Ligand code: ADP
């Protein structure tokens, strides 16, 4: 089955056409036929498109709204020369990434009017992210009205967290009134990586005593503790700001520090929001970049603030991994994923220093060799093992969509 995977942001559209079915998903032989990215929707947009195994294509065009972006991506996928299908009729279903599903959505779901209403009820909790997801859905539904559309949520994997992991130390009425609690994000990545990690260990992912820690380290970063295939804790919270230090997001901090700055600088809500989301994290500390590659280069050139930013990043990650060993009552394996987790051996090494006290040792030679590919980075015979597991959120969205459309339980 060909599944179109859409990830719609406020001014961008990522799309992938994935060929998957039960056998392909089980054997891991499902594949991306083509992928693309349309950026700067609302004006002169940049369109990048890559049919698998063929030359990438790039153009600029006036794309004033998401509807036109969706039309453009379908035109590329079925283009006589660049396309990978003859006709858009070869697309059997659409899987939509939806950032926030609140407490209502505990798994992926076929979108109908009631589901759409439920998603819209969650707008308040991620006002920048979920409304564009729905915009993308409406645009896709308008041009592909006769095939099923499925919502796959960033939050749903973490809905298994117990109350002691998701409640904040705040007046309970705020939870009741505003749903103020930890939700967690990157759920599709943590689910994908933890399933693959279980396979690499030769275990069933839902073995009740299997204890895994997955680290998704991209521009956004989060860690999850997973027991018996279920998320029991994760570092992102009510929003994706909490937890690790990220490219431009602050991660954990003392809320009173914000009150202090707001008072001193007379900053309002939107300025604070911008500061915490866009000007903090690696960029904020270093003043150099939000990009880990640029920071590693600057550090090698003697830049002290770049070094401080990387040190803070690695130390915070190490504390989270260690605390999740405690939360899980031990650990069988840790996985690193995302642009940093997959490609930066130095970061993996710095973030796991000292964890050998918990049985988590790194094999320096294996670690150094692994860049962008899957493999083990702990020494042979380690009590607790460590792996690089490249993530693939689009593949998981496509598989979930296939399962929902076919009436199968998710893989
Ligand atoms: P996103 O969360 O936007 O999908 P990615 O998963 O692509 O982002 O991760 C982007 C991050 O990965 C950036 O900080 C980038 O510098 C980092 N990264 C990519 N390749 C390397 C590398 N070879 N060494 C260090 N960091 C890398």
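Summary value for region 1-152: 24 percent relative contact order, contacts being C-alpha pairs under 8 angstrom separated by 6+ residues. Over every Cα atom in region 164-246, the radius of gyration and the widest Cα-Cα span, Dmax, amount to 14.1, 45 Å. For the Cα trace of region 112-219, dividing Rg by the Kirkwood Rh returns an Rg/Rh value of 1.03. Computed extension gain for residue 294 through residue 356, at 0.36 nm per residue and net of the alpha carbon distance, reaches 19.4 nm. Computed from the alpha carbon atoms alone, the convex hull of region 250-404 holds 171 Å³ per residue.
Computed over region 305-349, the P(r) tail beyond 12 angstrom holds 67 percent of alpha carbon pairs. A crude spin-label estimate for the pair residue 163 and residue 58, with each label 7 Å from Cα along the Cβ direction, gives 5.4 nm.
Pair-distance distribution P(r) for region 276-334, from all Cα-Cα distances in 10 Å bins starting at 0: 24, 38, 23, 15, 0 percent.
Global dimensions of region 1-140 from alpha-carbon coordinates: Rg and Dmax equal 15.6, 45 Å. Using C-alpha pairs below 8 Å separated by at least 6 residues, the relative contact order for the chain is 14 percent. Annotation for region 5-28 versus region 146-186: alpha-carbon center distance of 24 Å. Averaged over residues, the count of other Cβ atoms within 10 Å places the peptides 120-131, 4-15 in the sequence 4-15, 120-131, highest first.
In the chain, helices alone account for a calculated mean residue ellipticity at 222 nm of -11500 deg cm²/dmol, with every DSSP H run of four or more residues adding -39,500 (n - 2.57).
The gain in end-to-end length when the residue 274 to residue 315 segment is fully stretched comes to 12.3 nm, 0.36 nm per residue minus the alpha carbon separation. Each eigenvalue of the Cα gyration tensor of the chain, multiplied by 5 and square-rooted, gives one semi-axis; in descending order these are 32, 26, 23 Å. Convex hull volume of the C-alpha atoms in region 229-279, normalised per residue: 84 Å³. A Stokes-Einstein calculation at 20 °C with viscosity 1.002 mPa s, built on the Kirkwood radius of region 105-149 over Cα pairs, returns a diffusion coefficient of 192 µm²/s. One chain, two ends: residue 46 and residue 27. Fully extended at 0.36 nm per residue, the span grows by 3.3 nm beyond their Cα-Cα distance. Max-minus-min Cα coordinates of region 1-61 on each principal axis give 42, 26, 14 Å, with the largest extent listed first. Summary of the geometry: region 295-360 and region 103-136, compared by the centres of their Cα atoms, lie 34 Å apart. How large is log10 of I(q)/I(0) for region 193-237 at q = 0.22, 0.28, 0.29, 0.31 Å⁻¹ when the intensity is taken from the Debye formula with one equal scatterer per alpha-carbon? These q points yield log10 I(q)/I(0) values of -0.69, -0.96, -1.00, -1.08.
Under the criterion of Cα pairs below 8 Å and six or more residues apart, the relative contact order for region 161-297 equals 18 percent.
When the Kirkwood hydrodynamic radius is evaluated over all pairs of different C-alpha atoms of region 319-393, what value in angstrom, to one decimal, is obtained? Kirkwood radius, region 319-393: 12.3 Å.
A short reminder: the numbers here are calculations on the coordinates, not readings from a lab. These figures come from a predicted structure and were not determined experimentally. Virtual Cβ from ideal backbone geometry, glycine too; neighbours counted across all protein chains shown.
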